[in-house]
């Protein structure tokens with residue numbers, strides 16, 4: 001979603017949840033690391049969004065950060081800065 005659109009939604013509908021697209025976020029994160037690291041990092045990202053609960057997803061984010069922060073801080077920051085929007089789907093019933 002374009003930044004201007006998100007801002008407009010926030011102004012018109014305060015408190016609206018925004019779900020970031022995991023496909024696009026994964027691409028953005030992987031673009032910040034060498035090709036040799038991408039398959040392992042992609043698997044770690046998958047552990048986040050396939051976690052059965054928000055708590056498990058947050059643990060997976062912490063593990064991702066522990067594994068990659070020292071060598072690839074920009075990739076970790078790319079996940080952390082949108083963490084709330086990446087995990088917004090946990091706010092709704094599974095059937096949605």
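The values are calculated or read from the model by the stated rules, or taken from the named source; none is laboratory data. Just so you know, these numbers come straight off a predicted model, no measurement behind them. Cβ sites come from the backbone with ideal geometry, for glycine too, and all protein chains shown count toward neighbours.
If we keep just the residues of the range 14-45 that are within 10 Å of the chain's Cα centre (by Cα) and without any contact (Cβ under 8 Å) to a residue 24 or more places away in the chain, which is nearest to residue 69 (Cα to Cα)? Taking the candidates together, the pick is 26. State yes or no: is residue 43 loosely packed, with under 10 Cβ neighbours inside 10 Å, at pLDDT 95 or above and assigned to a helix (DSSP H, G or I)? So residue 43 passes the test.
Hey, can you tell me all the residues within the range 47-60 that are under 24 Å from residue 32 (Cα atoms) and touching a residue at least 24 places away in the same chain (Cβ under 8 Å)? Of everything in the range 47-60, those that are under 24 Å from residue 32 (Cα atoms) and touching a residue at least 24 places away in the same chain (Cβ under 8 Å) turn out to be 48, 49, 57, 58. Restricting attention to the range 72-91 and to residues that are outside any helix (DSSP H, G or I) and touching a residue at least 24 places away in the same chain (Cβ under 8 Å), the residue that is farthest from residue 28 (Cα to Cα) turns out to be 87.
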